[in-house]
Every structure is written in C-alpha cells, then in structure tokens.
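Comments concern the structure below.
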Amino acid sequence: MKNIKIISSGNQEIFSFAKPIGIGMIESAVNLTRMCLFDKPDFLIFIGSAGSYGNLKPFDIITTSNASNIENCFFEKKCYTPIDNIITFNNASHETIINSSNYITTDENIAQKYLKLNIQAENMEFFSVIKTAKEFDIPVKGIFVITNYCNKFAHKEYIKNINTAKENLINYLTEKNIIKEKNG
C-alpha cells in the first residue's frame, strides 16, 4: 500500500501530517468524496478527538473501524431512521463503536444509554468517513484520543484538554510508526 492518507476534521484538530476534511458529517463526507474522486487513497486513517460516554477516560486512545449514527432522540422514542445506522469496515465487530452526530451529547443520562448499546464514545465525523470509504472500497480505521466526558461540561473539558490530547495522539502515532515526525 503506497497511498495511505491520514485525515482529520479541522479547526482545533489540524496536524501537519493530516489532511483536514471538515467538521461534522456533511462537510467531511463531501470533502472526503472529493479527495477520493481526484486522488483515491489505498488506505485511510482518520485521527481526532472523541467524547467518552463514561467508560473511557480523558487521554485514552482507541483504534476502531466501527461507527454508528444514532441521534439522542432515538432514546426518547421521538425519531426513527430507514438507514443502516451501525457500520463496520471488514467485520471489525469486536472493536469499539464510535457514534457520530452533528451534535455533542451533554446529558449524562443519554450517555449511559449509548453505553447500554455498547457504544463507547462520540466523534462528529467518523460515521461519514467510514460510509464514504466503503463506497469507494477503501480500507479505513480511526484513531481517537478521548478529550472529555459527554456531560454538561463537555465543551469546557474539550477546550482544556485538546492540546494535551493532540500531543498524546502524535506520540501514539509516532510510537506505532504511523507517522515519522513528532511536530504537530
């Protein structure tokens, strides 16, 4: 495999070795599709932050190829979807599931309901990354660093932890020989 692309969302999560694809499920799907059409990679690695529903601690690092797109209204029986809302790449059923939504969960009670479905964390883009990669038949994995718990302090905790989390993620990627450089 010669064309391995490392991608990230953008904004606070910019890395010198990663191509930003946008924030949220729409921007990331559109920009990743554009990338795949004009310079199709052989393998995708999406890196970024994730919020924990409770079991994972800040600064834990997880690797997965599983994502879901479940909205909080699902738990209150106030919505439904006709789409397949849990996807994996290469039948990676034993891996952690990352939920994606354009909204950040700030209710600890809702976070506990995700845990009951064996969904451990959330990242806004990963579902669209996997879905797009599958459409182009590109193997994909995500590597996430936990920045916060999904509670009423989620954003404040994210802002406080993002720089240290990025450093930890860069160190992890270097130790695993995914990147050679240590400058973010």
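Where a number appears in this text, it was derived from the coordinates with a stated rule and is not lab data. Only a predicted model underlies this, so the values are computations on that prediction, with no experimental measurement involved. A quick note on method: Cβ atoms are made from the backbone with ideal geometry, for glycine too, and the neighbour counts reach across all protein chains shown.
Of the chymotrypsin sites (Phe, Trp or Tyr not before Pro) found in the stretch 27-81, those that fall in a DSSP loop while having at most 12 other beta-carbon atoms within 10 Å are Tyr80. Of the DSSP H helices in the chain, those that are both long (alpha-carbon extent of 18 Å or more along the helix axis) and hydrophobic (Kyte-Doolittle mean at least -1.0) are 24-38, 154-175. Near Ser9, the amide H atoms lying under 5 Å from its own belong to Ile21; only residues 5 or more places off or on other chains count, and H is placed 1.01 Å from N. Full extension of the chain between Arg34 and Lys57 yields a length gain of 4.8 nm, computed as 0.36 nm times the residue separation minus the alpha carbon distance. Neighbours of Cys73, meaning other residues whose beta-carbon lies under 14 angstrom from its beta-carbon, give a summed charge of 0 when Lys and Arg score +1 and Asp and Glu score -1. Sorted ascending by nearby beta carbons within 10 Å, beginning with the fewest, Leu44, Leu56 become Leu56, Leu44. Rounded to the nearest 5, the antiparallel percentage of DSSP beta bridges internal to the stretch 1-127 is 30%. The string of couplings for the stretch 57-73 from the Karplus curve (6.51, -1.76, 1.60, θ = phi - 60°) is 9, x, 6, 5, 10, 10, 10, 7, 10, 10, 8, 10, 10, 10, 8, 4, 4 Hz, one whole number per residue in order, with x for Gly and Pro.
Of all lysines in the structure, those lying under 26 Å Cα to Cα from Lys2, and not within fewer than 8 positions of it along the same chain, are Lys19, Lys40, Lys131, Lys134, Lys141, Lys166, Lys176, Lys180, Lys182. Remind me, relative contact order of the chain in percent, using alpha carbon pairs under 8 angstrom and six or more residues apart? Reported relative contact order: 29 percent.
For Asn3, what is the net charge nearby, where nearby means another residue's Cβ is under 14 Å from its Cβ and Lys, Arg count +1, Asp, Glu -1? Summing Lys and Arg as +1 and Asp and Glu as -1 gives +1. Charge dipole of the chain (Cα centre as origin; +1 on each Lys and Arg Cβ, -1 on each Asp and Glu Cβ, all else neutral): 160 debye, rounded to the nearest 20.
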